[in-house]
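**Q** Quick one: the structure is below, and I'll ask about it shortly.
The values are calculated or read from the model by the stated rules, or taken from the named source; none is laboratory data. The shown structure was predicted, so the numbers you read here are calculated from the model rather than taken from an experiment. Don't worry about glycine lacking a Cβ; one is built from the backbone with ideal geometry, like all the others, and counts go over all protein chains shown. These accessible areas exclude ligands, DNA and RNA; they are computed on the full protein's heavy atoms, side chains included. Shrake-Rupley method; radii C 1.70, N 1.55, O 1.52, S 1.80 Å.
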Amino acid sequence: MSYEKFTHLDCAALTIKMASTRADLDKFSKMQDTKANGDAFGVFLLGIPFSKLSGDHEGDVARLKGEVEAIETAQVKGQCTAESKTTKSS
């Protein structure tokens with residue numbers, strides 16, 4: 001994902017977006033971990049991973065990791081620092 005998607009946001013908005021995206025990433029990562037544990041159990045019992053039957057969240061985790069990286073890059077490009085969360089320099 002390109003950081004340019006977030007360049008229109010000021011530092012405060014980038015901080016809020018980052019917190020939201022990281023929360024989503026944490027949620028989907030935990031869901032994916034649960035699926036992985038279920039897969040191990042399924043392979044042990046049936047010889048096939050359960051996620052083959054019910055799907056997993058691997059794509060969501062990958063997308064959100066890319067979004068976190070893009071937001072971080074936008075924060076660097078916008079010169080967002082701990083002291084200037086409310087303004088974005090050009």
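**Q** Filter the range 51-83 down to residues that are part of a loop (DSSP other than H, G, I, E, B) and surrounded by fewer than 16 Cβ atoms within 10 Å (Cβ to Cβ) and give me whichever is modelled with the highest pLDDT.
**A** Residues of the range 51-83 that are part of a loop (DSSP other than H, G, I, E, B), as a first pass: 55-57, 78-83.
Then keep just the ones that are surrounded by fewer than 16 Cβ atoms within 10 Å (Cβ to Cβ); that gives 55, 79, 81-83.
Values: G55: 59, Q79: 90, T81: 75, A82: 60, E83: 48.
The residue in question is Q79.
**Q** I've got another one for you. Looking only at the range 16-33, filter to residues that are of a type in the set (S, T, N, Q) and at pLDDT 95 or above; which one of those is least open to solvent (accessible area, probe 1.4 Å)?
**A** At the first step, the residues of the range 16-33 found to be of a type in the set (S, T, N, Q) are 20-21, 29, 32.
Still in the list and also at pLDDT 95 or above: 20-21.
Numbers: S20: 58, T21: 2 Å².
Per the criteria, the residue is T21.
**Q** List every residue pair whose Cβ atoms lie under 7 Å apart, where the two residues are 6 or more positions apart in sequence or sit on different chains, the first residue falls within the range 76-87 and is under 13 Å from Y3 (Cα atoms), and the second residue, located anywhere, is of a type in the set (S, T, Y) and modelled with pLDDT under 50.
**A** Short answer, once both residue conditions are applied: G78/S89.
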